[in-house]
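The values are calculated or read from the model by the stated rules, or taken from the named source; none is laboratory data. Values in this document were obtained by computation on a predicted structure and should not be read as measured data. Cβ coordinates were reconstructed from backbone atoms using ideal geometry, including for glycine residues, and neighbour counts include every protein chain displayed.
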Amino acid sequence: MESEQTVAPLVIAGAALRRGDRVLWEDLDLVVEPGELIAVLGPSGSGKTTMLRAILGLDRLSAGRITVLGEPVRRAGNRRVGYIPQQRPLPRDTSMRARDLVQLGVDGHRFGLPIPRRGERARVDALLADAEASAFADRPVGLLSGGEQQRLRVAQALADDPKLLLADEPLTSLDLANQEAVVRMIDRHRRTHAAGVLLVTHDINPVLDKVDRILYLARGRFSLGRPRDVLRADVLSDLYGADVFVRHAGGRLVVVGAPDAEATHHHHEDEHA
Amino acid sequence: MNWSDIWNAMFGGAADYGEILALVQNSVWAGAVLGLVGGLIGVFVMQRDMAFAVHGISELSFAGAAAALLVGVDAVTGSIVGSLIAAAVIGLLGARARERNSIIGVLMPFGLGLGILFLSLYQGRSANRFSLLTGQIVTVQNAQLGWLIVISVIVLIGLLLMWRPLRFDSLDPQAAAARGVPVRWISLAFMLLLGLVVAVAVHIIGALLVLALVVTPAAAAMRVSAGPVAVPLLAAAFGFVSAVGGILLAVMGELPVSPYITTISFVIYLVCRGIGARRDRVTRSAA
């Protein structure tokens with residue numbers, strides 16, 4: 001029996017995802033080490049969201065096995081895994097304050113009379129402080145900016161100190177300051193808790209200097225490795241089967257010529273409702 | 001009809017108010033419990049964007065009650081059966097808002113049509129006919145009133161027991177599912193509780209007016225507060241005041257209960273909107 005310290009947060013073995021006779025990816029083996037941050041890139045429709053959902057037990061793979069924190073995935077949902085969804089603005093009249101959104105990470109799964117337990121308030125206060133959200137802790141969430149809401153979602157996902165963190169486009173439509181704040185929270189968590197992180201993103205730049213490895217999915221295949229080994233014109237051209245260029249400009253990295261979506265017309269199939 | 005007739009219709013019974021109250025005591029109790037529960041569940045109806053579903057369920061509940069009258073079964077049982085069938089169909093088939101709305105749009109006229117058919121075939125007291133559509137709590141018999149109260153209490157307990165997962169699912173179903181909340185079961189259970197509340201409300205306020213006790217109080221509460229405790233408590237209080245106030249005012253005269261309930265509930269909403277708009281202005285000028 002391995003100790004908690006050395007168990008890989010996530011092991012994916014021989015995984016495949018097919019839609020009808022179309023192969024999104026196959027023969028995927030991936031081990032996320034403690035404290036490792038892996039970015040998942042690829043055009044829309046390449047099965048990135050489905051991969052996260054399969055890890056959570058909410059979708060099934062076409063083949064292969066997934067082991068999360070030493071246990072095979074069996075049930076739908078996993079409280080030992082932190083999950084950060086994509087930013088979507090909450091309705092203005094949502095009857096919740098900032099602290100209530102974070103609180104859901106602590107007790108949102110619990111049935112029974114809604115009576116707070118001892119110590120929960122202190123825990124929520126600490127999470128709010130980490131999210132630099134103490135100043136607006138008691139304001140209605142519907143009145144906060146998208147970036148502020150997203151920092152609260154990260155705090156909610158970190159409520160149970162998860163050893164595996166899954167983030168699905170966590171930075172989309174955030175301003176630069178909030179992007180940095182969200183990246184800072186994720187990065188700090190994986191370092192202090194030796195947590196593995198799988199982060200789906202379409203823009204690598206906000207996380208480029210934090211990323212250990214990149215998993216690039218496209219055209220039914222994938223490429224896995226360190227950023228400088230994957231984000232190369234020859235590697236990506238081979239993956240896409242087209243001429244793709246990688247440009248460095250002003251400290252940013254731009255991939256030019258990569259199709260935005262898979263060629264078939266399934267643009268939104270990995271965006272589950 | 002002149003002014004004194006109207007006065008009589010509204011306040012003719014004022015002289016015997018004490019005796020009348022003793023007679024309708026149980027109706028007041030039923031109204032009180034439904035007001036509280038309707039306000040509470042309304043908060044989730046608003047968050048889950050299901051006002052239209054409430055209306056759809058109530059029409060099928062009406063059809064169920066009408067069918068029960070026709071075959072000589074208890075109308076409360078009939079409305080519960082109709083409600084639960086509608087709630088289950090909407091809950092199972094309409095996971096997404098768009099699908100759900102089209103299913104409701106298809107079910108609703110069918111239910112209403114069925115109900116009208118059953119009522120036309122029904123030979124019994126004609127007073128019962130209208131009361132299912134527009135409500136007349138004071139004509140409901142005591143044994144049935146007892147049932148209405150019991151059902152409301154069941155819904156109240158059910159809501160409290162699943163309060164936190166239901167709130168999580170209403171706000172962010174994806175994050176809730178990721179955390180292991182059984183979102184499908186939560187949604188279905190919520191629909192069934194909603195079906196029960198609607199079935200009760202049909203007898204108290206009528207199938208056409210259910211929204212006044214299940215949506216308006218919560219909508220009003222959300223205008224003036226965002227607190228997770230304050231909103232449900234205010235919504236329950238508004239529902240209680242509307243239902244009980246409406247019954248107490250109505251029995252003073254000969255007019256039906258429903259217009260009183262809908263008017264009180266609407267006035268509360270208007271006042272809350274005013275307060276909310278005023279506070280928004282203050283907040284903005286302070287910012």
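Taking the criterion of being surrounded by fewer than 24 Cβ atoms within 10 Å (Cβ to Cβ) and touching a helix residue (DSSP H, G or I) at 6+ places or on another chain (Cβ under 6 Å), the residues of region B:177-186 that qualify are B:Ala177, B:Val183, B:Ile186. For region A:47-73, the set of residues classified as at negative phi, away from chain B (no Cβ under 14 Å), over 15 Å from the mean Cα position of the chain (by Cα) and not aliphatic (A, V, I, L, M) consists of A:Arg60, A:Ser62, A:Arg65, A:Thr67, A:Pro72, listed by residue number. Filtered by the rule that a residue be touching a helix residue (DSSP H, G or I) at 6+ places or on another chain (Cβ under 8 Å), over 16 Å from A:Val183 (Cβ atoms) and not in a loop (DSSP other than H, G, I, E, B), region A:126-139 gives A:Leu127, A:Leu128, A:Ser134, A:Phe136.
Considering only region B:216-244, how many residues are within 19 Å of B:Thr263 (Cβ to Cβ) and surrounded by fewer than 24 Cβ atoms within 10 Å (Cβ to Cβ)? Residues that pass the stated criteria total 6.
Scanning region B:68-91 for residues that are free of Cβ contacts under 8 Å to residues at least 40 places away in the same chain and surrounded by fewer than 17 Cβ atoms within 10 Å (Cβ to Cβ) yields a count of 4.
Contact map, region A:188-217: residues that are basic (Lys, Arg) paired with residues that are in a helix (DSSP H, G or I), Cβ distance under 6 Å, separation 6+ or inter-chain. Pairs shown: A:Lys210/A:Asp187. On the stretch given as region B:201-220, residues that are over 14 Å from B:Ser131 (Cβ atoms) and of a type outside the set (S, T, N, Q) total 9. In region B:19-64, the residue that is surrounded by the most Cβ atoms within 10 Å (Cβ to Cβ) out of those that are touching a Gly at 6+ places or on another chain (Cβ under 6 Å) and among the small types (Gly, Ala, Ser) is B:Gly38.
Of all residue pairs spaced 6 or more apart or on separate chains, those with beta-carbon atoms under 8 Å, a first member in region A:74-89 that is more than 7 Å from chain B (Cβ to nearest Cβ) and a second member that is surrounded by fewer than 17 Cβ atoms within 10 Å (Cβ to Cβ) are A:Arg80/A:Asp160; A:Gly82/A:Asp160; A:Gln86/A:Thr172; A:Gln87/A:Gly146; A:Gln87/A:Thr172; A:Gln87/A:Ser173; A:Pro89/A:Gly146. As a summary of the residue check, A:Gly42 satisfies the conditions (1) under 27 Å from A:Tyr240 (Cβ atoms); (2) surrounded by fewer than 19 Cβ atoms within 10 Å (Cβ to Cβ) except for the one numbered (2).
Can you tell which of A:Asp168, A:Asp100 is of a type in the set (D, E, K, R), within 30 Å of B:Ala218 (Cα to Cα) and within 12 Å of chain B (Cβ to nearest Cβ)?
After ruling out the rest, the residue left standing is A:Asp100.
Away from chain A (no Cβ under 14 Å), part of a helix (DSSP H, G or I) and either closer than 19 Å to B:Asp49 by Cα or in contact (Cβ under 8 Å) with a residue 12 or more places away in the chain (or both): does that describe B:Val202? It is true that B:Val202 is away from chain A (no Cβ under 14 Å), part of a helix (DSSP H, G or I) and either closer than 19 Å to B:Asp49 by Cα or in contact (Cβ under 8 Å) with a residue 12 or more places away in the chain (or both). Of the candidates B:Val241, B:Val215, B:Val251, the single residue that is away from chain A (no Cβ under 14 Å), in contact (Cβ under 8 Å) with a residue 60 or more places away in the chain and either touching a Pro at 6+ places or on another chain (Cβ under 9 Å) or within 28 Å of B:Ala86 (Cα to Cα) (or both) is B:Val241. The residues of region A:140-160 that are within 14 Å of the chain's Cα centre (by Cα), more than 9 Å from chain B (Cβ to nearest Cβ) and assigned to a helix (DSSP H, G or I), listed by number, are A:Gln150, A:Arg151, A:Val154, A:Ala155. Selection over region A:20-46 of residues that are more than 17 Å from the chain's Cα centre (by Cα) and in contact (Cβ under 8 Å) with a residue 24 or more places away in the chain gives a count of 6. Filtered by the rule that a residue be away from every other protein chain (no Cβ under 14 Å) and without any contact (Cβ under 8 Å) to a residue 60 or more places away in the chain, region B:131-180 gives B:Thr139, B:Gln141, B:Ala143, B:Val150, B:Ile154.
If the condition is being hydrophobic (A, V, I, L, M, F, W, C), buried (at least 20 other Cβ atoms within 10 Å of the Cβ) and not in a loop (DSSP other than H, G, I, E, B), then region B:245-274 contributes B:Ile247, B:Ala250, B:Ile261, B:Ile264, B:Ile268, B:Cys272. State whether the residues of region A:222-240 include one that is touching a residue at least 24 places away in the same chain (Cβ under 8 Å), touching a helix residue (DSSP H, G or I) at 6+ places or on another chain (Cβ under 6 Å), surrounded by 20 or more Cβ atoms within 10 Å (Cβ to Cβ) and over 21 Å from A:Leu174 (Cβ atoms). No - not one qualifying residue is present in region A:222-240.
Being within 26 Å of B:Leu188 (Cβ to Cβ), hydrophobic (A, V, I, L, M, F, W, C) and modelled with pLDDT of 90 or more holds for only one residue in B:Ala30, B:Ala53, and it is B:Ala53.
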